[in-house]
Amino acid sequence: MIVSEWKAHERNTLRGFVSLTLPSGLIIRNVSVHERDGRRWVSMPARPFKRASGSDGWQPLVEFADADARGRFQLAALDAIDRYLESNRE
């Protein structure tokens, strides 16, 4: 997995957004990177919607078949992000 773009954007747990290129050639844009209490994770792109109650919600645009697949993706994505940020430090 390769990071092709990083946009820093800090707000609450959010640290920024990345574009990830998978070995298949698929590019996933606007993957959000989060951190809280020493824990980091990525979230797939999602679109906002209004619930019947009027509150805001987010509908994922890409999902994983199971928790194991999601965990493998998380590890690979965070590793790629760390490598990208390390090589682009000023």
Counting only other residues whose beta carbon sits under 13 Å from that of Lys7, what net charge do I get with K and R as +1, D and E as -1? +1
What helix-only [θ] at 222 nm does the chain give? Using -39500 (n - 2.57) per DSSP H run of at least 4, over all residues, to the nearest 500, the answer is -8000 deg cm²/dmol
If one compares the long axis through the Cα atoms of helix 67-87 with the longest principal axis of the Cα atoms of the chain, the angle in degrees, nearest 10, works out at 50 degrees
So, over other residues within a Cβ distance under 13 Å of Met44, counting Lys, Arg +1 and Asp, Glu -1, the net charge is +2
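So what is the relative contact order for the chain, in percent, with contacts set as C-alpha pairs under 8 Å and at least six apart? Don't skip to the end; give the middle numbers.
Working: 130 pairs, mean separation 18.2, N = 90.
Relative contact order of the chain: 20 percent.
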Determine, for each peptide in 32-42, 76-86, 52-62, the mean count of other beta carbons within 10 angstrom over its residues, then list the peptides with the highest first. 76-86, 32-42, 52-62
Report which label in (i) 17, 56, 25, 2; (ii) 17, 42, 22, 12, 6, 1; (iii) 15, 47, 30, 8, 1 holds the value of P(r) over Cα pairs in 10 Å bins from 0, in percent derived from the coordinates of this structure. (iii)
For Ala80, net neighbour charge (Lys/Arg +1, Asp/Glu -1) across residues whose Cβ lies under 15 Å away: +1
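Read-outs: derived from the displayed coordinates by stated rules, not from any lab. All values reported here derive from a predicted model rather than from experimental measurement. Here Cβ is always computed from backbone atoms with ideal geometry, including for glycine, and neighbour counts include all displayed protein chains.
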